[in-house]
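The values are calculated or read from the model by the stated rules, or taken from the named source; none is laboratory data. Just so it is clear, the structure is predicted and the values come from calculations on it, not from any experiment. Here the Cβ positions follow ideal geometry from the backbone for every residue, glycine too, while neighbour counts run over all protein chains shown. The protein model used for the area step is the full one, side chains on, heavy atoms only, and it has no ligands, DNA or RNA in it. Shrake-Rupley method; radii C 1.70, N 1.55, O 1.52, S 1.80 Å.
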Amino acid sequence: MNSIRQADFGTPASKKAAEITLTVDGFDITVVAGTSVMRAAALLDRPIPKLCATDTLEPFGSCRMCLVEIEGVKGTPASCTTPVTEGMKIVTQSPRLEKLRRGVMELYISDHPLDCLTCAANGDCELQDMAGVVGLRDVRYGMDGANHFDEASRVPVDNSNPYFQFDSTKCIACSRCIRACEEVQGTFALTMQGRGFASMISAGTSLDDFFSSECVSCGACVAVCPTATLEETAIVVHGVPTRSVETTCAYCGVGCSFEAELKGDTLVRMTPSKSGGANEGHSCVKGRFAFGYASHKDRITAPMIRQNTTDPWQPVSWDEAIGFAAKRLKAIQAEHGIAAIGGVTSSRCTNEEVYAVQKMIRAAFGNNNVDTCARVCHSPTGYGLKQTFGTSAGTQDFKSVEQTDVMVLIGANPTDGHPVFASRMKKAMRAGARLIVVDPRRIDLVRSPHIEATHHIPLMPGTNVAVMNALAHVIVTEGLVDEDFVATRCEGADFGRWRQFVAGSENSPEALAEVIGVEAETLRAAARLFARAKNGSIYYGLGVTEHSQGSTMVMAMANLAMATGNIGRPGVGINPLRGQNNVQGACDMGSFPHELPGYRHVSDAVARALFEKDWGLKLDPEPGLRIPNMFAAAIDGSFRGIFIQGEDLAQSDPNTQHVTEALAAMDCVIVQDLFLNETARFAHVFLPGTAFLEKDGTFTNAERRLNRVRPVMKEATGLSEWEIVCRLASAMGYEMSWPDAAAIMDEIARLTPSFSRVSHGRLDTEGSMQWPVNDAAPDGTPTMHVGGFVRGKGRFMLTRYVPTTERTTRRYPLILTTGRILSQYNVGAQTRRTDNVRWHEEDVLEIHPHDAELRGIASGQRLSLASRKGATTLTALISERMPQGVVYTTFHHPVSGANVVTTENSDWATNCPEYKVTAVEVRPANEPSSWQIEHEQRHPGTLAIADPAQ
Amino acid sequence: MSVIFVPNDSAAVSVGADDVAAAIVARAQEQNIDIEVRRNGSRGMFWLEPLVEIEHKGTRYAFGPVLPSEVPALFAAGLAHKSPGAIDHPKALGPTEQIDYLKNQERLTFARCGLAEPLDLQAYEQLGGLAGLKLALKATPKDIVETIAASGLRGRGGAGFPAGIKWKTVADQPGSEKYICCNADEGDSGTFADRLLMEADPYCLIEGMIIAGLATGAERGLIYLRSEYPAAIAVMGKAIEKMSAAGWLGDDVGSCGRRFEIEVRRGAGAYICGEESSMLESLEGKRGEVRAKPPIPAISGLFGRPTLVNNVLTLAAVPWIMAHGAKAYAEYGQGRSKGTQAFQLGGNIARGGLVEKAFGVTIRDLIEGFGGGTASGKPFATAQLGGPLGAYVNDEMLDLPMDYEALAKAGAMLGHGGIIVFDDQVDMAQMARFAFDFCAIESCGKCTPCRIGAVRGRETLDKIIAGDNVKENLLLVEDLCELMTDGSLCAMGGLTPMPVRSAIKLFPDHFASPGADQTAPNAASAKL
């Protein structure tokens, strides 16, 4: 069941515009055409009894509870499937309707166990509610007829899924779950087995249970089930929640809104909010179910310090920990200079928390040595879109995809990485949108039930720019440029140069086909499809940015969008699928060493003066160090102290040996996190952080949407993260404080033009908003660059394809590329501490059957994965999703050591690591790599916490 | 050389037509007589099958029912060398078309059935086929639709919806991606007219579909044909091939520049797929489950596109109407029931088979006149009209005319034209139970009144039959019937009460327990 706080109008809102006036029980109401009678009545607060209808699904008309009388219409039509017509006169209640509805309920209950008081859905069951509404008092058929609940007939409860159970004895065969799986999630895992009275919901085939089926545990079926048939295990165990708080998921950049439903401080259930701008009532297995890490036993809630990283951790008071940290940092600065320390902000934290950290670094540390994990993911997006469009963000809202005709998806795997948005894409495809997939792997969106990409371009990793240039070549040379758009919206001279450049024969599909590894005709067909689309849109992920030409590629995509006129209206645009929940926000908040909040360069005296006035001190006009520079300086000995907010550098950054060497070289490593992560092995101060359920603030998702994050419970640590930061800054000598998180946002709004009309108060009363939110756009900006680009005119940039220096050799003949899987999230710190591990217990290496056969590798076999940087071992999975010559793994488990193998190559403009291209060799192995042995040996010592008695 | 006709219709084959044909060939070879055996469709006189015919000087002479063992005697009597009219044999029936059963019919749609080999396209044309299509090719779509509307043709699948309105609705929808879906999922027990036509005169259906395509702008037609009709599937498939080869189907229908293609889709054994929206679901490859309306298929049907769904007999009536004009067709029938209906006589009847007759013929004419009363010779008790969801009638209702409105007024329905006759041995409580049982077995399970109601109805009838709280349970059955009628999503659940209520109303004493064994009026109830 969905949260009972959410109203249900029975059928979805119509998207039509024409208005229709009708009367319901004598009252006039005007609604848009296409509205159902049921919805019209509900809007008048005259709800009609219903069971199979719910407003997240198309009407189905099966339960027959919602029958009404309509003047001049024969019989008693179902209100859910009857659209309103002008002048229609509806009667929602009459003796005839009462008898019919009671008769339907009598049939339902004749096949339903009468165990309401001990049922998990007691108090949370629409069948129970409706039985009350229709006044059923007697089941004249008796309870001894054919049924699905007695000992002889019942099918055992399917408990295979860790998060919800399926009890068919409670099923009323309304098909809501099947429809949710199809319409909302788009997985088509559920079906109705048998017919008539034997109709039974089935996950997969009759041999499957929920766990073994295609089910992706998004929870959509559970949310719509009107009975206890599909019920969260937590409800079965704990009972129905008593309070709920709307907040925002802390996993990926989709930024789904949820109702956190609790009893006391026990979080029982997370149900997706229908009012959530990003998710509109949908969810995935992570946000919906994998929240148990927040109360996991590994969570550290007391501050800890240690003199040396070989010592056990000493739990201490907040004052002692902060005093220890400040003293060490100040000592470093005294000895090695102001610039010898810095920090890293976290895309996992709120805007307010990130803002506090960067302010601490700029004001209390006195330098610009602040960087963020976007360095390793979407920094090229920031650079590339700023160069071409003038701002560092995606151009659309997620809803825009409903209006697209052709999507190009590049280097992203949304069904795993951004599942809720993937469902929107699949829905658009089922409604007729076409898709071009640019990805080495045959990802699910290439072909899965009821959807198929029109073109798949399985390029060799590292040849993105070549693909873009080839597509652009076709568009320019075949007369497919949107000349009007280019002439009015873009810089003419830059376009002229670009047109000449891409028209060059070296950029033709024929010339580049061999480099890309895809036939020229496929590239030409894809270019034509995209260019001729009424609305063409580009969606992309880290497969675009994490390359040596990541920034070039972002600009190349922007060129393509401008050349085809696909910017500035719904259904088009350039849309980065952001990885972390608040990576957009962290970037917006001034987390880069060269940029103040709002992407204003530190050398910009006007911008700097604004902050200097507000903060009451002078700011350094020189950009600080990027993360890789910090590591290099640490190894040099010139950078010796770092404050790391919620990021596991030692696991997530490339070339692990290099990272750990840098960390080990520092005098003061401060880690603010929920868990003792890999980086904490090298830390001297551990400041326990707060889980998202304890935070008060905002996250900004991939569509620039500011979503409120509300404190569902008190901080387990006793302090908010920004308050800890304030205390550290103050201990460093710069007094920093705010009365509450809302005051931080007020300061952000005061100092950042694109946020000038943002406040917690507005977000609470008016709902989420997409920046810019300012005087020009007081309610936010769903679509950017309407009528003109932020920088004025769009700028075409030359994007010459330069192959990466990371090439295959005889020694390393395969290319390794990396990605994520649905059930796990990034370095796995959260998801590994939930039952999600049941879907992905270890990282595996996917390899094409031919490459495997050449090396004598079988699925399930251990193998060594080695690059010129290092080696690890993984389990093999032979997969025809892979093209020949390319292998793939995920990086969710520390022991996998995926980054032991990756190199220090990076994007020429932003230093974003080239995670996606590493030349490797794979061979059977029967023992762990030396790195893994070392890692295991180091494990107990570096993470030990001292016994309080010591 | 004599031409001998032995039907290859499934009904004829089921009673030995193949063996008879083989025996004739063997006998002729033995006796070195030059004959040609042609496997025609059935004339629809099933009680005479296998019906062997010999053509002589333009007249066909009938012999039947012929057993294989009787073939030598027939040869001895002069079959294949004597003038057939002169053959003296107990199975000699004289000129086929002089047999009363056939002579008294008004065959328009079925006029060609049984005359020629089903796939003989030349014969089809000689017998008047393609005349309607040729005229349609010269007409505008609007003219065709108007002709159909003016003819008064109504849907022959059972609902009797005016075909012209449906055709116009589809024709009025924009775009060219439209479909003609022929419902050939003839699942009503006791009906066989669709099958007989498809096996005997497949081109007629194809011609009707092409005309429908021309009228509505659809370029694709699908025939949803039940898997239980393998012979019809084979014949239709070959007929489509031949029509394509002859240029009547394909990219350039009859050289008019228009496209129309037909394919046969095989059903998978679900009665509910005869319901048009379930059929569309099934055609889309989905579970056969009823769709809610609106939207109606004419606006959003197969794959969400405008779709004309018509029964075999509706579409097969079209070529005659086009060839002879709307007025000629409308001259048959009465009131708002124009044209002819294929009545299918079955059950306990002496002369079972197909009777095409203008609307207005009485039930008595059909059962007694054509059908010759019960097969058992026992007194007539009841007949179920319109398939398993139709009402029962008793002997007092036999003079009702077969007319949509007249029957509806009397609480019965015409449906697809099936008539199943019972003699006085019938137990109507069991028949009422059967109605629920049939619904329970065939319900798609989507809507609650049908899914659960049918099962509860069967159980409650069992209680009534067992004499358990009969009065209360009869009230409960009536409440359930009301709920299923008003509340069901489609006609499956909505019409199941028809046989139940009519049985209770017309034969109350069959439900009059306690002590059913004493009050039941006939021997059948003894088994209670």
What fraction, in whole percent, of alpha-carbon pairs in segment A:122-232 exceed 19 Å separation?
47 percent
Net dipole in debye of segment B:428-526 [+1 Lys, Arg Cβ; -1 Asp, Glu Cβ; about Cα centre; nearest 20]
200 debye
For segment B:336-420, take N as its residue count and report Rg(C-alpha) divided by 2.2 N^0.38 Å.
0.96
I'd like the orientation of helix A:419-430 relative to chain A: the angle between its Cα long axis and the longest Cα principal axis, in ° from 0 to 90, rounded to 10.
60 degrees
Straight-line reach from A:K297: which lysines fall under 23 Å, measuring Cα to Cα and dropping same-chain residues less than 8 apart?
A:K263, A:K286, A:K695, A:K714
Evaluate the relative contact order of segment B:2-103 (contact order divided by residue number), counting alpha-carbon pairs under 8 angstrom at least 6 apart; express in whole percent.
29 percent
Row for segment B:410-518, column shape: gyration tensor on C-alpha, a ≥ b ≥ c, rounded if a/c < 1.5 i.e. under 1.5, prolate if a/b over b/c, else oblate; value oblate
Work out the FRET efficiency for A:Q403 and A:I338 from their Cβ-Cβ distance, taking R0 = 41 Å, and round it to the nearest 0.05.
0.20
Antiparallel bridges, percent of DSSP beta bridges restricted to segment B:121-330 (to nearest 5):
10 percent
With labels modelled as points extended 7 Å from the Cα through the Cβ direction, what inter-label distance (nm, one decimal) is found for A:K89 paired with A:R46?
1.2 nm
If each residue of separation counts as 0.36 nm, what is the full-extension length gain between A:S295 and A:E510 once their alpha-carbon separation is subtracted?
71.8 nm
Quick calc, B:D120 & A:T242: beta-carbon distance into FRET formula, R0 56 Å, rounding 0.05, result 0.10
Taking a cut-off of 28 Å between Cα atoms, list the lysines near A:K534, but don't count ones fewer than 8 places away on the same chain.
A:K15, A:K16, A:K386, A:K399, A:K426, A:K427, A:K793, B:K178
Relative to the first principal axis of the alpha-carbon coordinates of chain A, what is the inclination of helix A:741-751, with its axis defined by its Cα atoms, in degrees from 0 to 90 and to the nearest 10?
60 degrees
With the dipole of segment B:336-420 worked out from charges on the C-beta (+1 for Lys and Arg, -1 for Asp and Glu) around the Cα centre, which of B:A412, B:G387, B:M397 lies farthest toward the positive end?
B:G387
Of the DSSP beta bridges with both residues in segment B:2-103, give the percent that are antiparallel, rounding to the nearest 5.
70 percent
With an 8 Å Cα cut-off and a minimum separation of 6 or more residues, compute the relative contact order for chain B in percent.
13 percent
Note down the magnitude of the dipole of the protein assembly as shown about its Cα centre, charges +1 on Lys and Arg C-beta and -1 on Asp and Glu C-beta and zero elsewhere, to the nearest 20 debye.
2220 debye
Once both label points are put 7 Å beyond Cα along the C-beta direction, the A:V895-A:E519 separation in nm becomes 4.5 nm
Rounded to two decimal places and with Rh computed the Kirkwood way over Cα pairs, what is Rg over Rh for segment A:854-944?
1.00
The set of residues whose placed amide H lies less than 5 Å from the amide H of A:V669, leaving out same-chain residues fewer than 5 positions away, is A:I642, A:H684, A:V685
Given labels modelled 7 Å from the Cα in the Cβ direction, how far is it in nm from A:K327 to B:A150?
10.8 nm
I need the phi-derived Karplus couplings for segment B:184-189: 6.51 cos²θ - 1.76 cosθ + 1.60, θ = phi - 60°, integer Hz, Gly and Pro marked x.
10, 9, 6, x, 4, 4
Using amide H atoms built 1.01 Å from N in the peptide plane, name the residues 5+ places from A:L596, or on other chains, whose amide H lies under 5 Å from its own.
A:H601, A:V602
With r defined as the distance between the Cβ atoms of A:T808 and A:A944 and R0 fixed at 51 Å, what FRET efficiency is calculated, to the nearest 0.05?
0.75
Comparing the chain by itself with all protein chains present, which residues of segment A:182-206 are at least 30 Å² less accessible (probe 1.4 Å)?
A:M192, A:R195, A:G196, A:F197
Using only protein heavy atoms and a 1.4 Å probe, how much accessible area in total is buried between B and A, to the nearest 100 Å²?
2800 Å²
On a straight-distance basis, which lysines could pair with B:K471 in a cross-link, Cα separation under 18 angstrom, same-chain partners fewer than 8 positions away excluded?
B:K463, B:K505
Could you tell me how many degrees, from 0 to 90 and to the nearest 10, lie between the Cα long axis of helix A:492-503 and the main elongation axis, the longest principal axis, of the Cα atoms of chain A?
90 degrees
Normalise the Cα radius of gyration of segment A:773-905 by 2.2 N^0.38 Å (N = residues in it) and let me know the number.
1.49
Taking max minus min of the Cα coordinates of segment A:139-188 on each principal axis, largest first, gives extents in Å of 40, 24, 13
Using Cα-Cα distances under 8 Å and only pairs 6 or more residues apart, what relative contact order does chain A have, in percent?
13 percent
Net charge around B:Y179, counting only other residues with Cβ within less than 14 Å of its Cβ (Lys, Arg = +1; Asp, Glu = -1)?
-1
Looks like segment B:2-103, by Cα gyration tensor root eigenvalues a ≥ b ≥ c and the a/c under 1.5 rounded cutoff (else prolate when a/b is bigger than b/c, oblate otherwise), is oblate
How much of the DSSP beta bridge set in the protein assembly as shown is antiparallel, as a percent to the nearest 5?
55 percent
Can you work out ³J(HN,Hα) from phi for every residue in segment B:502-511, in order, using Karplus 6.51 cos²θ - 1.76 cosθ + 1.60 and θ = phi - 60°, giving whole Hz and x for Gly and Pro?
5, 5, 5, 5, 7, 10, x, 5, 6, 10
Span per principal axis, largest first, for the Cα atoms of the protein assembly as shown (Å):
131, 75, 65
Three-way shape label, segment A:691-824, alpha-carbon gyration tensor, a/c 1.5
oblate
Those residues in segment A:36-78 that give up at least 50 Å² of accessible surface, probe 1.4 Å, once the partner protein chains are present instead of the chain by itself are A:F60, A:R64
Segment B:121-330: C-alpha pair distances exceeding 30 Å, %
13 percent
If amide hydrogens are placed 1.01 Å from N in the peptide plane, which non-local residues have theirs closer than 5 Å to the one on A:E914?
A:N905, A:S906, A:D907
